[in-house]
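Okay, so here's the structure we're looking at.
The values are calculated or read from the model by the stated rules, or taken from the named source; none is laboratory data. This one's a predicted model, so the numbers in the text were calculated from it and none came from an experiment. In this analysis, Cβ positions are derived from the backbone assuming ideal geometry, glycine residues included, and neighbour counts consider all displayed protein chains.
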Amino acid sequence: MILSGFGLTTLIAGALVLAAILYGLQRLRVQRQVVRVATTLFWQAAAQAAPSRVLHRRFRHWLAFLLVLAIAWLLWLAGARPALPPAPGTRAEIFYLDATAGMTAGDRFAEARRALIADARAVPADRRTVYLGDAVGTRLLAPGEDIALLPRRLAAVRPEAIPARFPDWVRTRLPGDQRAALHYYGTAATLAVLRDPRLVQGYVAPPIAGNRGIVAIGAVPAASGAWDRADVLVRVAAAPRGAPTDPLAFTRDGRPFSPSVEQAGADRFLLRDLPADGSLIAARLPGSDGFPADDRAALRLPDRRPIRVAILAGVPEPIRAAVAADPALRPVAPAQADVVVRAAGDPAIPAKPTLILQPASAQQAAFRFTYVEGTPQPDLADALDQLGLGQFDAVALADTLHRPVSVEMASGPVRTVAVWRELFDPTGSFARSPSLPLFVAQSLHWLAAPPAWIPYAAAGTPLVDLDGGDALGQSPALAAARLGGAIALRAPGETRVGDMPVAVSLADPATTLGQAATLPADSPRDAHALLPLDLPFTLALIAAALLLAGEWVLFQRGRLP
Amino acid sequence: MIAPQLSFDALFDPDFLARVQQFALSVTRVDKGGRLAEQASNARGQGVDFADFRPYIAGDDLRTIDWNIYRRLGRLFVRVFEERQSMPVYFLIDISRSMFTGESPRIHAGLRVSLALAAIVLGQQDSIGLFPFSDAMTIQARHLSGKGNLVRVARYLAEYAPAAGTSLSGSIETLAAMRLRRGLVVIVSDFFDSDGLDQVLPALSLLPHRTLLVQLVRPEDGDPSRNPALAGEVAVEDSETGAQVELTITPDLLDRYREAYAAFNDRLLSHALAQGAALARIDATRDVLEQLGTLFQGGRLSL
């Protein structure tokens, strides 16, 4: 027998201490039985000569003392958590409780939790490890920890509507140990994906026939070319023998919304030219199919309203023409402007991002980009092509101006782009090239830093920024939130990344299609008939309870002092 | 535990009453003023027992004139006889709660003794009075006579219910102050007065009557080891006041208890002997008639 609570020395020492304490208590113990008599006056007279409180003569009930001592020792033994020793050479037992989207339906998670606790209880503590299949694979019970901790740690756990992580978890966390047994408590679809000889089926959720759900929802810039419009694609999938797909119901910012829906295939629905104004578009499948987690999906549309540009007096005509020709830019007065374009002689508006036209004599580099202090420095090599400078004939310009043409980066309180004014001379090659309107538009967009375009936000996947692929399109807010890595999206619902609202949806085809999956009949199952290793603990408790009941009966019958 | 009252049917046992008729109860002399009966009295009148001579006065019965004295002295004298009258017997019956405690409560034996003595008294043409007491004495019946009243007496006794504490001394003093015709007082009690014998015995001396003390005892009174509950750590609770005394029952304590109880009995007996009273100690757990037989030596008890 092994003691997992405390060691043998502590057990023996504690038993001796208990015996001493009970002995002392027994000596001091006075339980008086009330007897009604008529001869009290004689007892009073007798008691005056022989007082009753004589402590050293109280210990006369050896059997009662032994009974109490036996109860105390049994409880002390139970506290040591005695268990039968496991068979030598046995393997490690790893338990994995799936807490992802597939377990959100009905009582699946509660049943899996019960099965897990029952199975884990039958395994020796030193060979047992329990993991929770959440987004990060939290370890619930380390080897050697008491099984009593497991129900408490699982009490507040609820499954999250994220794609299953079990296969990835096995590949990354359990790459090698072939002697371990991996007990899985989750869905059949997840279990079927993994072909691993170590896998043992603990609990498999019953299939849900006829499930269908929304497996994708995303937004792209409108195919019509409108700057401030977006096309939204919704994809629906149904498990085998699933119900026919009913028309989707849409809401916009919570209110019913009836867009023109174009069916782009059997399971795809397209909503064209929706205003890219940052509103929340939600799609819902009508009816109920037993797995509600995938019946609704939502998407926060990008916010692409025109950039307000103030053009001051000294700005040359080619730039004015380029701004006027771009529907994404709207000339406004300086007070309402997001971005300012000015010449060197125009008054400066310090707080606003500005495109400045400097005389070549006043600036060493032809193009000087100033980014905000404390933010990541844009990659200049990538920026040149996006600015239209990749096709720019810098050599000819340098010959004309008798100066080398270069690009430099600096940091400052606000974004600015300072450019030689001579480049925009109407007779110059740059002013007549197609690169100028591209340069003006891209520069003003970079200066305005519009919100990032998030094409979709699926739970359990990294955040994708449609503009983030190029250096000039990276959102400062996302860059700050990213902290050098990917931004992981957790459970479905409304969330914020930096200062930007994001609507996260489950949108996982594997989850939707896997609800109807079943396992082959020959799948290895967990051996529930494991030897109850905590039998000594249970027996000690039962024996203590029986002795306690016996003592109570004897006391009630007046057989115990 | 308070025992149930003794019913009339259980108390009024004709066989029991027939057997007590063999006994006779008398006192040395009763006060005059009673009805003609069998008890010697200090009254002078009709009778068979010569008492004295006195000068003849007009109206005396001529049959009582002693002619021999007249022949010798020449004067008329009449013979005076002792008149036998009835004896008043006053029953002072304890109905405190201590009398009703236990499986064989003292009150059952006390009522049987009382009824037996009442049957004897009424059978010999004497009279009885019933004065139950607890915290105070009450007058239930001042004068009952004739055999026909025995049923009435039994009904009175059967109605006794547990009252409160015991004030034996106060009840005796009250009875003594009533200036009843001198006769016999029968005190049926356990004599466990909370004031102790220090108050009871002086009160007994105040009674102008002959006295019969019927002390109702139980075996565990003198030997508490007979009560299995009285072992180890106990709290004895007074059956009347509810006051508790915490005890550790030890042989030494038991010895001290027995000493206290024996002293109590000795003192009560000594006082009874000194006062010319009789003391009948009746075990409440045993047959009453058998114990009365030892009291009436030769079938008569004369006080």
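If you go through region B:288-297 one residue at a time, how many are exposed (fewer than 15 other Cβ atoms within 10 Å of the Cβ) and more than 20 Å from B:Arg210 (Cα to Cα)?
1
Any idea how many residues of region A:299-325 are surrounded by fewer than 20 Cβ atoms within 10 Å (Cβ to Cβ), under 39 Å from the mean Cα position of the chain (by Cα) and not in a strand (DSSP E or B)?
Going through region A:299-325 one residue at a time, the tally reaches 2.
Does region B:170-186 include one or more residues that are in a loop (DSSP other than H, G, I, E, B), within 14 Å of another protein chain (Cβ to nearest Cβ) and not β-branched (Val, Ile, Thr)?
Checked against the condition, which is being in a loop (DSSP other than H, G, I, E, B), within 14 Å of another protein chain (Cβ to nearest Cβ) and not β-branched (Val, Ile, Thr), region B:170-186 yields no hits at all.
Filter region A:173-191 for residues that are crowded, with 16+ Cβ neighbours inside 10 Å and among the small types (Gly, Ala, Ser) and give the result.
Answer for region A:173-191, where residues must be crowded, with 16+ Cβ neighbours inside 10 Å and among the small types (Gly, Ala, Ser): A:Ala181, A:Gly186, A:Ala188, A:Ala189.
Which residues, counting only those in region A:399-436, are out of contact with any helix residue (DSSP H, G or I) (no Cβ under 9 Å at 6 or more places or on another chain) and part of a helix (DSSP H, G or I)?
Listed by number, the residues that qualify are A:Asp399, A:Ser435.
For A:Gln363, state whether it is more than 49 Å from the chain's Cα centre (by Cα) and either under 28 Å from A:Gly225 (Cβ atoms) or buried (at least 17 other Cβ atoms within 10 Å of the Cβ) (or both).
yes
Please find, among B:Ala278, B:Ala274, the residue that is of a type outside the set (Ser, Thr, Tyr), in contact with a Lys or Arg (Cβ under 9 Å, 6 or more places away or on another chain), modelled with pLDDT of 85 or more and farther than 28 Å from B:Asn227 by Cβ.
None of the others qualify; the one that does is B:Ala278.
Quick one: B:Leu230 ticks every box in (1) in contact with a Ser or Thr (Cβ under 9 Å, 6 or more places away or on another chain); (2) facing chain A (nearest Cβ under 7 Å) bar one, so which box is it?
(1)
Based on this model, can you work out whether A:Leu274 counts as more than 30 Å from A:Ala510 (Cα to Cα), touching a residue at least 40 places away in the same chain (Cβ under 8 Å), among the aliphatic types (A, V, I, L, M) and not in a loop (DSSP other than H, G, I, E, B)?
No: the conditions fail for A:Leu274.
Check region A:289-298 and report whether any residue there is outside the structural domain of A:Gly102 (by TED's automatic domain parsing) and more than 28 Å from the chain's Cα centre (by Cα).
No, because not a single residue in region A:289-298 is outside the structural domain of A:Gly102 (by TED's automatic domain parsing) and more than 28 Å from the chain's Cα centre (by Cα).
Please count how many residues of region B:164-191 are touching a residue at least 60 places away in the same chain (Cβ under 8 Å) and touching a strand residue (DSSP E or B) at 6+ places or on another chain (Cβ under 8 Å).
Qualifying residue count for the region: 17.
Take A:Gly314 and decide whether it is of a type in the set (Gly, Ala, Ser) and farther than 30 Å from A:Gln358 by Cβ.
Judged against the criteria, A:Gly314 is not a match.
Quickly run through region B:103-132 and pick out the residues that are within 14 Å of chain A (Cβ to nearest Cβ) and under 12 Å from B:Pro162 (Cβ atoms).
Result: B:Pro105, B:Arg106, B:Ile107.
May I ask you to verify whether A:Ala328 is surrounded by 16 or more Cβ atoms within 10 Å (Cβ to Cβ) and aliphatic (A, V, I, L, M)?
yes
Within region A:69-97, restricting attention to residues that are of a type in the set (Gly, Ala, Ser) and farther than 30 Å from A:Leu25 by Cα, which residue is modelled with the highest pLDDT?
Ranking the candidates gives A:Ala92 first.
Assess whether B:Ser189 counts as being buried (at least 21 other Cβ atoms within 10 Å of the Cβ), within 14 Å of chain A (Cβ to nearest Cβ) and of a type in the set (Gly, Ala, Ser).
The answer is yes for B:Ser189.
Does A:Ala223 satisfy the condition of being surrounded by 15 or more Cβ atoms within 10 Å (Cβ to Cβ) and closer than 30 Å to A:Ala298 by Cα?
no
Are there any strands (runs of 3 or more DSSP E) wholly within region B:56-143 with 2 or more residues that are out of contact with any Gly (no Cβ under 7 Å at 6 or more places or on another chain) and not hydrophobic (A, V, I, L, M, F, W, C), and if so which?
B:127-133
Considering only residues that are at pLDDT below 85, of a type outside the set (S, T, N, Q) and surrounded by fewer than 12 Cβ atoms within 10 Å (Cβ to Cβ), which ones fall in region A:2-19?
A:Gly7, A:Leu8
Would you please name the residue that is modelled with the highest pLDDT, looking only at residues in region A:20-44 that are surrounded by fewer than 17 Cβ atoms within 10 Å (Cβ to Cβ) and more than 7 Å from chain B (Cβ to nearest Cβ)?
Checked region A:20-44; the qualifying residue modelled with the highest pLDDT is A:Ala20.
Of all residues in region B:130-140, which are more than 18 Å from B:Ser169 (Cβ to Cβ) and buried (at least 21 other Cβ atoms within 10 Å of the Cβ)?
Result: B:Leu130, single match.
Would you say B:Thr250 is over 15 Å from the mean Cα position of the chain (by Cα), more than 14 Å from chain A (Cβ to nearest Cβ) and polar (S, T, N, Q)?
no
Evaluate region A:251-270: report whether one residue or more is touching a residue at least 60 places away in the same chain (Cβ under 8 Å) and not assigned by TED's automatic domain parsing to the domain that holds A:Pro124.
no
Which of (1) within 14 Å of chain A (Cβ to nearest Cβ); (2) surrounded by fewer than 19 Cβ atoms within 10 Å (Cβ to Cβ); (3) assigned to a helix (DSSP H, G or I) does B:Ala164 not meet, given it meets every other one?
Single failed check for B:Ala164: (3).
Looking at B:Ser171, B:Ser167, B:Ser127, which one is under 30 Å from B:Asp15 (Cβ atoms) and among the polar types (S, T, N, Q)?
Answer to the check: B:Ser127.
Which one of the conditions (1) on the phi < 0 side of the Ramachandran plot; (2) in contact (Cβ under 8 Å) with a residue 12 or more places away in the chain; (3) among the small types (Gly, Ala, Ser) does B:Gly102 fail to meet, given that it meets all the rest?
B:Gly102 satisfies all of (1) on the phi < 0 side of the Ramachandran plot; (2) in contact (Cβ under 8 Å) with a residue 12 or more places away in the chain; (3) among the small types (Gly, Ala, Ser) except (1).
Here are B:Arg258, B:Arg218: which of them is buried (at least 19 other Cβ atoms within 10 Å of the Cβ), among the basic types (Lys, Arg) and within 14 Å of chain A (Cβ to nearest Cβ)?
None of the other options fit; the residue is B:Arg218.
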